[in-house]
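Before any comments, here is the structure.
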Amino acid sequence: MSMSNSKLNMNNLEDVKKSLNLRTLRVCVVGIGRIGLPTALSFAKSGLQTIGVDINENLVSTINSGVFPLKDEPGYEEIFNDVIKNKMFSATTKIEDAIPNSDLILLSLPTPMDKNNVPDYSALRDSASKLSKFLSPNSLIIVESTIEPGFIEDEMVPIISKSDQLKIGENFFIGVCPENANPGEILHDFTNLPRLVGSINKQTTEIITFIYDFVFAVELVIMPDCKTANAVKLTTNVFRDINIAFINELSLMFEKLGIDTLKVLEAAKKKYNFQIHYPGAGVGGPCLPINSYQLLNAARRSGVNLSMIEYSRQINEKMPEHVIKLTLDAFKECKKPIQNNDILILGVSYKPDVKDIQLTPAKHIIKKLQDLGANIHIYDPYFSSSQVFGINVEENLDAVISKVDASIIITAHKEFRNISLPVFNKMKSPILVDTRGIIDPMDAKQAKLIFRGLGRGKL
């Protein structure tokens with residue numbers, strides 16, 4: 001894709017409006033993974049020449065050969081095929097070629113955790129260093145990655161400004177518009193959910209708002225600055241993490257009391273001010289655990305103690321241990337050792353109906369079961385015939401069910417919700433552990449299964 005040098009002043013609202021109407025504004029999206037690629041496709045679909053940058057060479061060549069990599073994101077394959085055919089979108093590994101020729105640079109980069117649970121912003125810092133070298137004057141940068149409050153002001157701007165040519169608010173401009181999308185539902189969320197906008201000044205906020213309104217046409221919630229926008233994003237996600245921890249903790253007690261947590265929740269949600277959250281094997285994915293640690297990191301930097309968030313993390317991270325306890329209890333009832341017996345893991349994705357194992361609790365559960373001497377098999381329709389955690393994933397359930405002594409449901413994929421219970425009677429032992437509340441305990445009892453349901457009381 002050839003782009004000539006930019007002359008557009010991204011600090012002039014009228015110029016930006018005109019370039020959008022004429023479809024001459026050029027976009028670069030740095031990081032074209034789960035969120036970045038749909039973002040780039042959305043900009044390209046609106047008629048803006050878009051280039052995606054990524055360090056993953058395989059991903060870039062896959063995209064440029066016309067193959068859509070996110071098969072579990074409904075609606076985007078058609079958009080992808082269209083913008084590739086119309087030459088509105090292509091990908092490259094060469095950030096130094098893409099940035100100078102773009103007017104708008106979007107950063108959609110991962111912010112994983114290191115082994116000490118400290119957020120790792122190295123991808124954003126590296127990009128900021130590249131921007132300091134290659135950014136054309138009067139360009140606009142928008143950070144879509146979820147970051148802790150203050151990161152733009154304290155780190156991004158100083159790194160980009162270390163070049164004498166670039167001065168914030170004079171000849172380069174920066175803002176945030178944190179992504180707000182659920183994997184597996186990104187197209188729906190991008191076209192329906194409100195977005196937060198914050199930036200370095202009122203003018204830049206107006207310009208960002210106009211651009212996002214042009215591309216996404218969703219409600220845009222204006223924030224006073226970057227750090228407030230990022231604080232909102234983290235607050236909403238950490239709220240979920242804390243509430244899941246609350247329900248997880250309750251479910252452990254209800255189990256002992258012989259109370260079915262799901263029956264409690266179904267009745268509780270009838271109260272107008274109760275927001276339902278469900279217990280489970282743990283909390284994974286690229287958002288909730290990381291977002292909690294981002295706020296905890298911000299707290300450390302500020303000399304503040306966020307003990308509720310800290311404790312919630314501990315509870316959620318202990319849930320895989322409880323799954324092991326339930327499994328061992330079921331084997332005990334069956335009078336079988338877990339050692340040298342075969343266990344089938346149903347679902348390794350961190351959430352239903354997506355192909356994604358980031359921080360999945362399945363990893364901890366599998367590792368612990370292997371440490372106890374069990375032989376592990378995996379069936380997950382999204383990873384069929386591939387390898388996960390060094391284990392070959394089964395092609396179908398029927399082929400493996402008669403070879404195992406127990407099954408543990410870890411992910412509530414739609415397919416698992418529709419399994420007929422007698423299928424589990426084909427196992428060598430009738431042990432079924434359900435961590436996601438998709439099996440009715442009474443149905444399991446009728447099917448003569450040795451059943452353990454997380455938070456489901458006692459049969």
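The values are calculated or read from the model by the stated rules, or taken from the named source; none is laboratory data. Fair warning: this is a prediction, and the values are worked out from it, not measured in the lab. So basically every Cβ, Gly included, is an ideal-geometry build from the backbone, and we count neighbours across all protein chains shown.
Under 6 Å by Cβ, and 6 or more places apart or on different chains, what pairs join a residue from region 409-424 that is in the same structural domain as ALA447 (by TED's automatic domain parsing) and assigned to a loop (DSSP other than H, G, I, E, B) with one that is crowded, with 17+ Cβ neighbours inside 10 Å and among the polar types (S, T, N, Q)?
What qualifies is ILE410/THR435; THR411/SER349.
Do we have any residue at all in region 394-405 that's assigned to a strand (DSSP E or B), within 28 Å of the chain's Cα centre (by Cα) and at pLDDT 95 or above? Before the answer, list the steps.
First, pick out the residues of region 394-405 that are assigned to a strand (DSSP E or B): none.
For region 394-405, residues assigned to a strand (DSSP E or B), within 28 Å of the chain's Cα centre (by Cα) and at pLDDT 95 or above: absent.
Could you check region 441-459 and list, in sequence order, the residues that are in contact (Cβ under 8 Å) with a residue 40 or more places away in the chain, out of contact with any Pro (no Cβ under 7 Å at 6 or more places or on another chain) and outside any loop (DSSP other than H, G, I, E, B)?
PRO441, ARG452
Counting residues that are in contact (Cβ under 8 Å) with a residue 24 or more places away in the chain and touching an Asp or Glu at 6+ places or on another chain (Cβ under 8 Å), which helices (runs of 4 or more DSSP H) fully inside region 123-225 reach at least 2?
Working: elements: 157-161, 186-192, 202-215.
The qualifying helices (runs of 4 or more DSSP H) are 186-192.
Out of ASP103, ASP120, I need the residue that is of a type in the set (Asp, Glu) and surrounded by fewer than 23 Cβ atoms within 10 Å (Cβ to Cβ). Which one?
On the way: ASP103 fails: surrounded by fewer than 23 Cβ atoms within 10 Å (Cβ to Cβ).
Unique residue meeting the criteria: ASP120.
Can you find, within region 205-247, the residue that is surrounded by the most Cβ atoms within 10 Å (Cβ to Cβ) among those that are over 18 Å from SER145 (Cα atoms) and of a type outside the set (A, V, I, L, M, F, W, C)?
Among residues in region 205-247 that are over 18 Å from SER145 (Cα atoms) and of a type outside the set (A, V, I, L, M, F, W, C), the one surrounded by the most Cβ atoms within 10 Å (Cβ to Cβ) is ASP241.
Out of the residues in region 329-346 that are of a type outside the set (Val, Ile, Thr) and assigned to a loop (DSSP other than H, G, I, E, B), which is farthest from the chain's Cα centre (by Cα)? Spell out the reasoning first.
Within region 329-346, the subset of a type outside the set (Val, Ile, Thr) is 329-337, 339-342, 344, 346.
The next check asks that each one be assigned to a loop (DSSP other than H, G, I, E, B); those that pass are 334-337, 339-341.
Values: CYS334: 38, LYS335: 40, LYS336: 38, PRO337: 37, GLN339: 35, ASN340: 35, ASN341: 34 Å.
Within region 329-346, the match that is farthest from the chain's Cα centre (by Cα) is LYS335.
Residues that are within 19 Å of the chain's Cα centre (by Cα), within 26 Å of CYS287 (Cα to Cα), at pLDDT 95 or above and assigned to a loop (DSSP other than H, G, I, E, B): does region 83-95 have at least one?
Restricting attention to region 83-95, the residues satisfying the condition of being within 19 Å of the chain's Cα centre (by Cα) are none.
Scanning region 83-95 turns up no residue that is within 19 Å of the chain's Cα centre (by Cα), within 26 Å of CYS287 (Cα to Cα), at pLDDT 95 or above and assigned to a loop (DSSP other than H, G, I, E, B).
What number of residues within region 18-62 satisfy the criterion of being farther than 24 Å from ASN182 by Cβ, in contact with a Ser or Thr (Cβ under 7 Å, 6 or more places away or on another chain) and not in a loop (DSSP other than H, G, I, E, B)? If you could, list the steps in order and put the result at the bottom.
Just the residues of region 18-62 that are farther than 24 Å from ASN182 by Cβ, to begin with: 18-26, 28, 47-49, 51, 53, 55, 57-58, 60-61.
Checking the rest, the ones that are also in contact with a Ser or Thr (Cβ under 7 Å, 6 or more places away or on another chain) come to 25-26, 28, 51, 53, 55, 57, 60.
Next, only the ones that are not in a loop (DSSP other than H, G, I, E, B) stay: 28, 51, 53, 57, 60.
Residues that pass the stated criteria total 5.
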